[in-house]
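Notes for the one structure printed next.
Please treat every number below as a calculation from the coordinates, not as lab data. All values reported here derive from a predicted model rather than from experimental measurement. Quick reminder, even Gly has a Cβ in these numbers, built from the backbone with ideal geometry, and neighbours come from all protein chains shown.
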Amino acid sequence: MLAAVARRLGRPLTADEAEVEATVVREGGRGFTLRLRLTAGQRGETRTISDPSCAALADVVAVLVAAAVEPARVPEPAPTTTPEPAEPAEPGLEPEAAALPEPGPEFAPEPAPVTGEPPEPLAAPVSSRRSKKPGGFVRVHGGGEVGAVPQITGAVGIAGGALWPRWRLEVQGLFVVPQEVAREVAGLRVEVGAGLFAAAVHGCARLGRGPVEVPLCVGLEAGGMRGEARGLVSGRAATQGWLAGVLGAGVVWHAGARWGVWGAVQLALSPMHPKFELEAVPEPVRLWAPSWASGRLMLGVELRFGDPW
């Protein structure tokens, strides 16, 4: 890039003429993206440019730097002289006309010396519009959960999906760590435990700008809840279906070009939830049932590929 600037200026660039901060990031199979901040004297500008060729981006930087630091060459005016006053003429003689100074040669600036190879043709500006192709991501996350199992517990999950400039589609897997609660049945102490495993599909709007993204999501979750009663001779484990709608609000800090820190609060609504009962005569005895609403607070790390954000 420095060599390209020197070819356009006809001389090397000095350190006090310009300040250039440029970052080039590979964008998967689509090429490269340049983020440029240029300061020359009192002028400053920022650019974001994409191109399949990294060499073309270097040439664009050279063109912008040369245009910013090369002042317009305006010829200085030729020096003028004040004519001396004419001597008084003798009586009877007409004064002679003052002789005008002969015009000097016009000023013509010498052309800048050409060194090395002839300058390359200027590269056409590259469009910085976002690609319409979606990107992708994967994420691992974990946190706390309350309401789905007998006590406050932990949950872990993994997610992946597609990214558009203002939308994201997520497929998630979730495991809620089993917990137990004590119940008294016919004078006996019974330990009832339950855990949840589920998969979900979420559609999210991507709000925010710059390094901060605010996804607002709605989704559907399905899976199974496994419960077990300990302390009864007839107690046995059973698995029942789980279906819930999920609302979520989160924030993603894009800490790097491809990775970020993700956090979210989710609310799972399950009006038809499992019920674990002990078969008895004359009526079954309910041991435990999850709440119709459960909440989750999650934190994770996200890796993005070709994100058009």
Note, region 292-309: 3J(HN,Hα) by Karplus (6.51, -1.76, 1.60, θ = phi - 60°), whole Hz, Gly/Pro = x, goes 6, 9, 10, x, 9, 10, 10, 9, x, 10, 10, 10, 10, 10, x, 5, x, 4
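How would you rank 185-191, 218-224, highest first, on the average number of other Cβ atoms within 10 Å across their residues? Working shown, then result.
Working: 185-191: 12.6, 218-224: 15.6.
Per-residue mean Cβ counts within 10 Å order the peptides as 218-224, 185-191.
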In terms of the charge dipole of region 133-277, which places +1 on Lys and Arg and -1 on Asp and Glu at the beta carbon, the residue among PHE197, VAL214, ALA244 farthest towards the positive end is VAL214
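Can you run the Rg to Rh ratio on region 150-288? Use alpha carbon positions and the Kirkwood inverse-distance Rh.
Values: Rg = 19.5 Å, Rh = 17.3 Å.
Reported Rg/Rh (Cα atoms, Kirkwood Rh): 1.13.
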Once the dipole of region 251-304 is set up from charges on Cβ (+1 Lys and Arg, -1 Asp and Glu), the residue from the list PRO274, ALA255, VAL301 lying farthest towards its positive end is ALA255
Magnitude of the Cβ-charge dipole (Lys and Arg +1, Asp and Glu -1) of region 166-309 about the Cα centre, nearest 20 debye, reported as 400 debye
Classified through the alpha carbon gyration tensor (a ≥ b ≥ c as square roots of its eigenvalues; rounded if a/c is under 1.5, else prolate when a/b is larger than b/c, else oblate), region 1-65 comes out oblate
